Structure formats: C-alpha cells, structure tokens
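The values are calculated or read from the model by the stated rules, or taken from the named source; none is laboratory data. Computed from a predicted structure; not experimentally measured. Note: ideal-geometry Cβ built from the backbone for every residue, glycine included; neighbour counts use all protein chains shown.
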Amino acid sequence: MTYKKIIVLATTGLMMAGPALAQTVGIGTTAKGATSQVSAGIAKITSQFGGMQMRPTPMAGTQKYIPAVNAGTLEFGVANIMQTAWAIKGQVLSKGKPNPNIKLVGTLMKFRVGPLVAKPSKFKSVGDLKGSRTPTGFKGAPLFNEIIKTALATGNLTVSDTKNIPISALVPSWKALMAGKIDFAIGAYGSGFMKLIAKKVGGIRFISMDMSAATQAKVAEMMPGAEILTVKPNAKIPGVEVPTNLFHFDYMLFAGKGVADDVVYRVTKAMFENKKALVGASGMWRGFSPKSMSKKQGDLEYHPGSIKLFKEKGIWR
C-alpha cells in the first residue's frame, strides 16, 4: 500500500469517527450532595459504555437546570419524582411555569429521607421538634421547604411551631447542624455526607415518622409520589439503630423532548446493562433495579428513546 493511500484511508477514518468522538451531552445536577453522586454515576457509565461523552453540569439547584432541559440547552437532568412532576405540570415549586418538553428516561432508585438530629440531642420524635431551631428559606434548594413542612406535618406541627433559621441550601443546613446552629436537618439515608455529620456531632439519629393511613394520605397530598416506609438498621450506615420510618420516593432521569431518540436509547442501555459499574461509582446505586426503570409514574410520559430500550429488554408496561 502506498503512502498516499495510507494517508487517504487514515483521513477518511478520522472524518467518519469525528462526529461520534465529538458527541458530548450534558446532565444537569447540583454541585454537592446525593444528586451530584447520582448524576456523576450516570455520566461515568454513559461515557464508558454509551458511545458518547456525558458531562455533569452543576447548577445552584434543580429548579435551575429543569428549565434548561425543557428549553433544549441541556440534554438531561436528574430529580426526585415530586419535583419532576411539579416541573412538567407547572405546580408547587414550578407554579405557573410548566415544562412540557421534559420526558422521563428512567426510574433510578428510591431515596430514603427524613429529619436528622445529633444523637446526643433530646429530640426523639417529630412532636419533640416543637420549638426547635428549624432551617427555612432554602432559596437555592426550595424542595427542602416542602420536605420539612411535610415531615413536621406527620407530627401535626407546622413551620410556625418552630424557630425559623434562614438557610440558603441543603449543604449549608448540614453545616449549620454540625455547628450547632440548628436542631435538625433533612438528610438522605446512606449519603456519604451523613458519615461526616455523625463524626462532627457525636453520632446522628433519623427521627422516625408516623406511618398511619391518615399520615400516608397527608404525605401523598403534600409530596405526590412519596410514602413513608420502614428502614431497618445497617451497621455500616449511621442514623438508624432501630427500625425507623422515613420518606421514600423515586429518583428520576429525564431528558428534553428534542434530544435524539438514539442518544436517549444509548444512555438508557448503558445504565440498564451496567449496574455493577454504577454501584462502583457510588453506593447510592445499590438500590437501582434495571427492570424497574420503566416504572409507571402517574400520567408522566417516557421518552421514545428509552421506550425503545424497554421494549427490547421486555420491561415496557
């Protein structure tokens, strides 16, 4: 083969490979916390097995990147089911600002969340939080106003029954708890930051919430898609030393309606076929069930690209 032919073939190969190599998509995420761990795992597995590069795009909060996905300036995003549904329908945190171009890509895992206190503190029940120093405001993460309101409601309390301490976002609330400036915060069971808090305050304790039928109905109204279920103790995870009732809700991956079907298909496929790698990226993925990715979420619609993968795998309902 002549030198000229080698150059021609090499150039042709690079031209053909160029678009695939250059293809990069973004995934909206928070800068820290459990959401950042989840999105980092998706980005890593997509980049390894999806035939494209995915880059996390940290923003001040979920409410910041949801509109970007809806507008098509960002391809993917992750959020809990409540915030996703509210955003699509223009309710609660997205009141009057619907995001109809957002489509579900996959149901990921259950988040287990609840009110968290320092273990040495006097707070043992939700009722004990009356008069406590409570984080409020959350301009950077307004979801936590809703979670705190709902948590207090399980003990027939409201935010007005507590001493309000202005907090900007979730991580600052954890730092305030460690500094002794507030009495409780909202934590995600199993999140890496919880171990740090435990070291700083002499151990942590999630406060168990009532899970009667009446309370479950209240929770379903205030945080659609959420429910209270019991978490059993795990010696490796701080905060639960006896069976404890916490909020459980699905975490979602979503994409803009305009994202190409093939792109969404490849992202979904990479996740479906590589759970072990996802768990290796973050322990948050232990509860991920590939076969549950197509779980029905009320009247919310899945993206055609993910539906194609679900049908191939026989899990489309």
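Out of segment 236-277, which residues are among the acidic types (Asp, Glu) and buried (at least 22 other Cβ atoms within 10 Å of the Cβ)? First the steps, then the outcome.
Step one: list which residues in segment 236-277 are among the acidic types (Asp, Glu), which gives 241, 250, 261-262, 273.
Once the filter is applied, which keeps residues that are among the acidic types (Asp, Glu) and buried (at least 22 other Cβ atoms within 10 Å of the Cβ), segment 236-277 yields nothing.
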Could you tell me which numbered condition Gly96 fails, if it satisfies all but one of (1) part of a loop (DSSP other than H, G, I, E, B); (2) surrounded by 24 or more Cβ atoms within 10 Å (Cβ to Cβ)?
-> (2)
Evaluate segment 115-130: report whether one residue or more is in a strand (DSSP E or B), of a type in the set (D, E, K, R) and in the same structural domain as Lys199 (by TED's automatic domain parsing).
-> no
Considering each residue of segment 279-294, count those that are modelled with pLDDT of 95 or more, out of contact with any helix residue (DSSP H, G or I) (no Cβ under 6 Å at 6 or more places or on another chain) and assigned to a helix (DSSP H, G or I), and give that number.
-> 2
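If you scan segment 42-64, which residues turn out to be part of a helix (DSSP H, G or I) and at pLDDT below 95? Step through it out loud before you land on a result.
Within segment 42-64, the first condition is being part of a helix (DSSP H, G or I), and the residues that meet it are 42-49, 62-64.
Once the filter is applied, which keeps residues that are part of a helix (DSSP H, G or I) and at pLDDT below 95, segment 42-64 yields Thr62, Gln63, Lys64.
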In segment 138-183, which residues are farther than 23 Å from Lys122 by Cβ and without any contact (Cβ under 8 Å) to a residue 40 or more places away in the chain?
-> Phe138, Lys139, Asn145, Pro166, Ser168, Pro172
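Can you list the strands (runs of 3 or more DSSP E) found entirely within segment 148-252 that contain at least 2 residues being more than 29 Å from Phe288 (Cβ to Cβ) and hydrophobic (A, V, I, L, M, F, W, C)?
Where strands (runs of 3 or more DSSP E) fall fully within segment 148-252 and carry at least 2 residues being more than 29 Å from Phe288 (Cβ to Cβ) and hydrophobic (A, V, I, L, M, F, W, C), they are 163-167.
Quick one: which residue in Lys236, Lys232 is without any contact (Cβ under 8 Å) to a residue 24 or more places away in the chain, out of contact with any strand residue (DSSP E or B) (no Cβ under 9 Å at 6 or more places or on another chain) and not acidic (Asp, Glu)? Please lay out each step first, then the result.
Details: Lys232 fails: out of contact with any strand residue (DSSP E or B) (no Cβ under 9 Å at 6 or more places or on another chain).
Selected residue: Lys236, the only one of Lys236, Lys232 that is without any contact (Cβ under 8 Å) to a residue 24 or more places away in the chain, out of contact with any strand residue (DSSP E or B) (no Cβ under 9 Å at 6 or more places or on another chain) and not acidic (Asp, Glu).
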Of the residues in segment 201-255, those that are farther than 18 Å from Leu152 by Cβ and among the β-branched types (Val, Ile, Thr) number 7
Which pairs do you get when a residue that is within 15 Å of Pro243 (Cα to Cα), found in segment 114-125, comes within reach of a residue that is part of a loop (DSSP other than H, G, I, E, B) and among the aliphatic types (A, V, I, L, M), reach meaning Cβ atoms under 8 angstrom, with the pair 6+ apart or on two chains?
-> Gly114/Ile207; Gly114/Met209; Pro115/Ile207; Pro115/Met209; Leu116/Ile207; Lys124/Ile207; Ser125/Ile207
Flagged in segment 56-98 as over 25 Å from Thr46 (Cα atoms) and of a type in the set (S, T, N, Q), in numbering order, are Gln91, Ser94
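I'd like to know if segment 267-278 contains one or more residues that are under 30 Å from Ala153 (Cβ atoms) and either small (Gly, Ala, Ser) or assigned to a helix (DSSP H, G or I) (or both).
Taking segment 267-278 first, the residues under 30 Å from Ala153 (Cβ atoms) are none.
Looking through segment 267-278, none of the residues is under 30 Å from Ala153 (Cβ atoms) and either small (Gly, Ala, Ser) or assigned to a helix (DSSP H, G or I) (or both).
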How many of the residues making up segment 194-214 are closer than 17 Å to Val126 by Cα and either in the same structural domain as Lys32 (by TED's automatic domain parsing) or buried (at least 19 other Cβ atoms within 10 Å of the Cβ) (or both)?
-> 6
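Return a yes/no flag: does segment 140-150 have any residue that is under 24 Å from the mean Cα position of the chain (by Cα), of a type in the set (Asp, Glu) and modelled with pLDDT of 95 or more.
If we filter segment 140-150 for residues that are under 24 Å from the mean Cα position of the chain (by Cα), which is where we start, we get 140-150.
Next cut, of a type in the set (Asp, Glu) only: 146.
Still in the running and modelled with pLDDT of 95 or more: 146.
Taking every residue of segment 140-150 in turn, at least one turns out to be under 24 Å from the mean Cα position of the chain (by Cα), of a type in the set (Asp, Glu) and modelled with pLDDT of 95 or more.
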